[in-house]
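Throughout, read-outs are computed from the coordinates displayed, never taken from laboratory work. Nothing here was measured: the structure is a model prediction, and the numbers come from that model. Positions of Cβ are backbone-derived with ideal geometry, glycine not excepted, and every protein chain shown enters the neighbour counts.
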Amino acid sequence: MPKQEESLAMPPVEIVRQYMVQNGWYDLKDPKHPFRELVDLTVVCAMGPPGGGKSIISPRFQRHFNTIVFALVDETTMKTIFTSILGYYFREGKFLPEIASMNEKLVQATLNIYKRIQEDLKPTPAKSHYTFNLRDVSKVICGICLMEKKELTNPDTAVRLWAHETSRIFGDRLINEDDRKWILDAITDCVRAPFGSDFNTLFRHLDSNHDGKVNSVDEFRGLLFGDIYTPF
C-alpha cells in the first residue's frame, strides 16, 4: 500500500471509500453523465496485521465494514492437531515403535521453528514474503508423511527427514545467507532439544571439509530426500 498521508489517508483507499459513501465516482470527461453510480455491489476486504509493508487502514474507511477477526490457534491446539495426524500415519503404516513414538517430538520441533521464525524473521518491505502460517507447519508434517516404512527405519533418519522438510519449507523462502544461517542454527538447536541428539554427529556425512562440524549452509544443502527416482 502507498505511504500514509499526515491525515492517515491513502489515495487508493480513499477512492474505494468514496464509493462506500456516494455509491460511485464523478467522470468529468462525460458532461452528460458526470456521476457514475454502481448498483448492487458488495465490497469484501481482507487484511493482516500491520507490518511488512502493510499499514493501518484509516478509521474513516474501516467504519463502513463489519469487521470479523480470526484469533490465532494456540500452541496446545496446534500440537494436538498435528500430533494426531502424524500418529495416525505412523499407526496405519505400521512403523516401528521407536518411530511411532516420535510424533510428539517431530511436531514440537516444527512448532519451535515456526514460533522462532515468526519472532526473528518478520516481514519487511524487502522481505514482504516472510509471512509464515499454519500451512507451512502442515507442509512439514505432510512431507514427513510421504516417507514409507521401508525407508524410515530408525530415529536418526526421522530427524534427518524432519530437518530436510523444515529447511525446504521454511529455509527455501529466505533470501540471503544471514537468514539461511539463522534457519540452520535454529534446526541445530531443535536437534539438540527436543530430539536429544548431537547435530554434528547426526549429520557427519555432510561434513565436506572434514573439520568435524556441519556449520555452513553449503554443507547442509547436501541433505536430500526425494522420490525423483521412483518409477511411476
I'd like the distance between the alpha-carbon centres of region 82-111 and region 1-71, rounded to an integer number of Å. 47 Å
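Cα-Cα over 19 Å: which of Lys181/Lys213; Lys139/Lys181; Lys3/Lys127?
Lys139/Lys181
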Between helix 103-120 and the chain, what is the angle of the helix's C-alpha long axis to the longest principal axis, kept within 0 to 90° and rounded to the nearest 10? 50 degrees
Computed about the Cα centre, the charge dipole of region 11-62 from +1 Lys/Arg and -1 Asp/Glu charges at the Cβ has a magnitude in debye, to the nearest 20, of 160 debye
Between 0 and 90 degrees, rounded to the nearest ten: what's the tilt of helix 177-192 against the longest Cα principal axis of the chain? 50 degrees
For Rg and Dmax of the Cα atoms in Å, which listed value, [x] 20.3, 63; [y] 24.6, 81; [z] 41.7, 126, comes from the coordinates shown? [y]
The relative contact order of the chain, taking Cα pairs under 8 Å that sit 6 or more residues apart, comes to a percentage of 14 percent
Highest GNM mean-square fluctuation, the chain, Cα pairs closer than 10 Å: which of Glu219, Glu151, Glu75? Glu151
For helix 75-92, report the angle its Cα long axis makes with the longest principal axis of the Cα atoms of the chain; keep it between 0 and 90° and round to the nearest 10°. 50 degrees
Comparing Phe170, Phe70, Phe195 in a Gaussian network model of the chain (Cα, 10 Å), the one with the largest mean-square fluctuation is Phe70
Divide by every residue of the chain the summed helix terms, -39500 (n - 2.57) for each DSSP H run of at least 4, and state the resulting mean residue ellipticity at 222 nm, rounded to the nearest 500 deg cm²/dmol. -13500 deg cm²/dmol
